[in-house]
Amino acid sequence: MSSPQDLILFDIDGTLLRTEGAGRASLDAAFFRLCGWNGAMDGIDLAGATDGWILQQVRQRWGAFPEDRLQALYLEELEQRITGRASALPGVHRAVAALRKQAHVGLLTGNWREGARLKLSAINLWWEGPSAFGDDAVDRNHLVPVARRRAMALGHAVRRVVVIGDTPKDVECARAGDAIAVAVKTGFATLESLEQSQPDLLLADLDQGLDALLRLLG
Ligand SMILES: [Mg+2]
């Protein structure tokens, strides 16, 4: 084992990038192609949700469907939509690069792994790391231990875990996984709800906030 390092886990949507609704539109299109349902995603709050949880919500409202086929259609639709609609949030490339010099850096996201790869590839920011995805659990609060186990399986000794995300659900999942919670204001939550969730650090974005983040890890 190497000497212990921190494990930093980034959420994707609202934290590293925006997709201008490409994810929601791709799910809607996939449900329409598979089941003929119009507006299957209406009224479903995607902020901080895992893809598996989203499917559960649709199943409860609309009925059963073959999930593996839905996932395949969604990824097809997403691949077509994502280019040109995904944009990196301020400072994310620099922040990920700086953190990778001093820590193990992965993803903690509700996206299925392939959806995560498509989204991050669209902004040239996909990397392989000890990560946890929507494929690993329906409940986001179960994802920190998954990433921690993957880091250990790679031979990494993990000192602290830090979860960086844009919603109170990211803060909650950090708490559930005994991790440090860093919130960024670049995403889908109101400032008030983020403050109420009491993260250890609340950043305007990963550009202005990088120094504070490095100090926290220092
Ligand atoms: Mg998010």
Among residues other than Gln196 whose Cβ falls under 15 Å from its Cβ, what is the net charge (Lys/Arg +1, Asp/Glu -1)? -3
For Glu128 and Arg160, what does the FRET efficiency come to when R0 = 25 Å and r is the distance between their Cβ atoms, rounded to the nearest 0.05? 0.70
Grab the other residues whose beta carbon is less than 12 angstrom from that of Gln56, score K and R as +1, D and E as -1, and report the net. -1
Counting other beta carbons within 10 Å of each Cβ, put Ile180, Ile8, Ile82 in order, fewest first. Ile180, Ile82, Ile8
Excluding residues fewer than 8 positions from Lys169 in its own chain, the aspartates and glutamates with Cα under 13 Å of it are Asp11, Asp13, Asp45, Asp139, Glu195
Beta bridges per DSSP with both ends in the chain, % antiparallel, nearest 5: 10 percent
In debye, nearest 20, what is the charge dipole magnitude of segment 48-92 about its Cα centre with +1 on Lys and Arg Cβ and -1 on Asp and Glu Cβ, if you could check? 200 debye
Kindly provide the helix-only [θ] at 222 nm of the chain, computed as the sum of -39,500 (n - 2.57) over DSSP H runs of four or more divided by all residues, to the nearest 500 deg cm²/dmol? -13000 deg cm²/dmol
Taking the Cβ-Cβ separation of Gln102 and Trp62 as r and a Förster radius of 45 Å, what is the calculated FRET efficiency to the nearest 0.05? 0.45
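FYI, it's all coordinate maths here, none of it is from the lab. It should be emphasised that the depicted structure is a prediction, and the values quoted were computed from it without experimental measurement. As a convention, Cβ positions derive from the backbone with ideal geometry for all residues, glycine included, and neighbour counts pool all protein chains shown.
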